[in-house]
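Written below as structure tokens is the structure these notes are about.
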Amino acid sequence: MKIIVDAMGGDNAPQCNVRGALHAVKEYGAEVVLVGRGEDILRCLKEDGIDTLPAGVEIAHADQVVEICDNPATAFKEKKDSSLTVGLNLLKNGGGDAFVSAGSTGALLSAATLLVKRVKGIRRAAMAPVVPTGKGGAVLIDCGATAECTPEYLLQFAFMGSYYAEHVMGRPEPRVGLLNIGAEPSKGTDLQREAYQLLKKAGDEGRINFAGNVEAREAVYGEVDVIVTDGYSGNIFLKTMEGTGGFLAKELKAMFKKSLVTKLGALCVKDGIAHFKKLLDSGEVGGTALVGISKPVIKAHGSSDDYAIKNAIRQAASFAASGIIEDITENIDHMRLERTGAAAE
């Protein structure tokens, strides 16, 4: 499996991106193409005492870098020799099996959509992070790629999220829930009510395992494996989880530092604390899959360290080997609404 890595994207590039790639080659046996300024990549290797390019590692030179301040919709066109654009063109042309970047989310989404293209028939690509829950995590789809959705978008998100949970996370017959303010079918706005009927129909036909509406609380408890929502609500859900987790971690740390007794208590539960921290660490997963693009693309967190990049490469390899894109392509007719007249044009 050959993974293309944007060596210049993210807050800790290129050092952590290069180191993470080397770890992935060593631990997972992956082949990696590092895209970026060749001299900068080689300098990172030399800083770690590596004088020659290791086996399994290639460099694809790219002079430019897409910065956070660049217009996300046009940056890849304006900077045609950027590591982002060069890397995605490599993916498009068969130069690798998947692409990983910790750079600008908007620029990556725009470039992947316009260069690599969506699966034919998919209306919008979705960002699908795996969020921690009481039962081992769930796919949240969408978490911000499309703020304003139609019922058809949510239908397609449900199918794609279900395939991801089954093939990448190893969940047989994953339970799919529609994020809403109540369990009853009548709850929510027109979007949720109409989407509910589409998802119920798909469930009745055996296309997905639809569990009905799910409230945010139950979603965190782990009642479903796939949480379907529009990007606006999904982003609020995700950021609330991140903020709550960070707040609780901070409060726990302060509590255990209060006295000698509490410090001794911390020693007694140190394994549990370590597990709690691991649950909240986005670097454990590696990144967020852009589902609906015709080839695997992973968005790593902008602050990713080498450990997170290594895991993002592992995730990209799993995504590429999963067969999810083939499943989406084969089942696209069940994921689209019929259009007539002007709506079909």
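The values are calculated or read from the model by the stated rules, or taken from the named source; none is laboratory data. As the structure is a prediction and not an experimental result, all values here were calculated from the model. A quick note on method: Cβ atoms are made from the backbone with ideal geometry, for glycine too, and the neighbour counts reach across all protein chains shown. In case anyone asks, the SASA skips ligands and DNA or RNA and just uses the protein heavy atoms, side chains included. Shrake-Rupley method; radii C 1.70, N 1.55, O 1.52, S 1.80 Å.
Selection of segment 157-171 for residues being out of contact with any helix residue (DSSP H, G or I) (no Cβ under 7 Å at 6 or more places or on another chain), modelled with pLDDT of 95 or more and among the hydrophobic types (A, V, I, L, M, F, W, C) yields 157, 165. For segment 183-212, a residue qualifies if it is of a type in the set (Lys, Arg) and either modelled with pLDDT under 95 or within 18 Å of residue 337 (Cβ to Cβ) (or both), and the qualifying residues are 193, 200, 201, 207.
Every condition in (1) within 26 Å of the chain's Cα centre (by Cα); (2) modelled with pLDDT under 90; (3) open to solvent by less than 90 Å² (accessible area, probe 1.4 Å) holds for residue 287 except the one numbered (2). Within segment 289-328, the set of residues being among the polar types (S, T, N, Q) and under 16 Å from residue 166 (Cα atoms) comprises 315, 318, 322.
In the set 154, 198, only one residue is crowded, with 24+ Cβ neighbours inside 10 Å and touching a helix residue (DSSP H, G or I) at 6+ places or on another chain (Cβ under 7 Å); that residue is 154. Of all residues in segment 290-304, those being open to solvent by 50 Å² or more (accessible area, probe 1.4 Å) and modelled with pLDDT of 95 or more number 1. Checking 230, 190, 225 one by one, the residue that is acidic (Asp, Glu), closer than 16 Å to residue 150 by Cα and crowded, with 17+ Cβ neighbours inside 10 Å is 230 and no other. Listed by position, the strands (runs of 3 or more DSSP E) inside segment 1-69 whose residues that are among the basic types (Lys, Arg) number at least 1 are 2-6.
Is one or more of the residues making up segment 119-132 open to solvent by 60 Å² or more (accessible area, probe 1.4 Å), at pLDDT below 95, in a loop (DSSP other than H, G, I, E, B) and touching a Phe, Trp or Tyr at 6+ places or on another chain (Cβ under 7 Å)? No, there is no match, as no residue in segment 119-132 is open to solvent by 60 Å² or more (accessible area, probe 1.4 Å), at pLDDT below 95, in a loop (DSSP other than H, G, I, E, B) and touching a Phe, Trp or Tyr at 6+ places or on another chain (Cβ under 7 Å).
Considering only residues in segment 1-18 that are within 12 Å of residue 33 (Cα to Cα) and open to solvent by 20 Å² or more (accessible area, probe 1.4 Å), the one that is modelled with the highest pLDDT turns out to be 2. The single residue among 140, 108, 114 that is part of a helix (DSSP H, G or I), within 26 Å of residue 318 (Cα to Cα) and open to solvent by less than 40 Å² (accessible area, probe 1.4 Å) turns out to be 108. Just so you know, in segment 70-84 the residues that are out of contact with any Leu (no Cβ under 8 Å at 6 or more places or on another chain), open to solvent by less than 60 Å² (accessible area, probe 1.4 Å) and outside any loop (DSSP other than H, G, I, E, B) include one that is farthest from residue 13 (Cα to Cα), and it is 82. Selection of segment 235-278 for residues being exposed (fewer than 12 other Cβ atoms within 10 Å of the Cβ), of a type in the set (Gly, Ala, Ser) and either modelled with pLDDT of 90 or more or farther than 30 Å from residue 216 by Cβ (or both) yields 243, 254, 259.
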